[in-house]
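Asker: Sharing a structure here in structure tokens format.
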Amino acid sequence: MSTLALPLRRPARRSGALALGVATLWLSVIVLLPLAAVAVRAIDGSFWDVVTSRQAVAALRFTLLVSLATAAINAMTGTLIAWVLVRDRFPGKGALKVRVELELGDAGSVTAQLTRDQAELLELTERDVVWLRANGKVPVSA
């Protein structure tokens, strides 16, 4: 009795193309529908009248002034904090460094998971870690 050796079938590799396509379609709908609505409104001719109205110009001017003031304040306080962090040693320095890094790295939208190795790398004392955990700034894992 002879046996016939059949080649082994490799499982199909999933490329993720379908998931990528669905995500792209969904995000396109979310972005393109509002843009299409703006374009349709712009066609009827009243768009330019609305944009150049006294109230719209005042809102745009206010937005520009507030954003410039915010940028100036952020530049001054950011420079001051960076200078203090580099130059001086003080209790809570590690916690302040973590707070600054979280704002820069995650933009306040994602909570980081801080491991003990990362805490040591950032020179956090046990007191800093306790403060961060107590104030809900960073969940510290073992």
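The values are calculated or read from the model by the stated rules, or taken from the named source; none is laboratory data. For clarity, every value in this text was computed on a predicted model and none was experimentally measured. Every residue, glycine among them, receives a Cβ derived from its backbone with ideal geometry; neighbour counts consider all protein chains shown.
Asker: For segment 40-93, enumerate the residues that are under 28 Å from ARG127 (Cβ atoms) and outside any helix (DSSP H, G or I). Walk me through how you get there before you give the answer.
Answerer: In the first step, residues of segment 40-93 are kept if they are under 28 Å from ARG127 (Cβ atoms); the result is 77-93.
Those that are under 28 Å from ARG127 (Cβ atoms) and outside any helix (DSSP H, G or I): ASP88, ARG89, PHE90, PRO91, GLY92.
Asker: Kindly indicate whether LEU27 is under 24 Å from the mean Cα position of the chain (by Cα), closer than 30 Å to ASP128 by Cβ, without any contact (Cβ under 8 Å) to a residue 40 or more places away in the chain and assigned to a helix (DSSP H, G or I). Spell out the reasoning first.
Answerer: Details: under 24 Å from the mean Cα position of the chain (by Cα): yes; closer than 30 Å to ASP128 by Cβ: no; without any contact (Cβ under 8 Å) to a residue 40 or more places away in the chain: yes; assigned to a helix (DSSP H, G or I): yes.
Criteria not met by LEU27.
Asker: If you check ALA112 against the conditions, is it modelled with pLDDT of 85 or more, among the small types (Gly, Ala, Ser) and at negative phi?
Answerer: Details: modelled with pLDDT of 85 or more: no; among the small types (Gly, Ala, Ser): yes; at negative phi: yes.
Answer is no for this residue.
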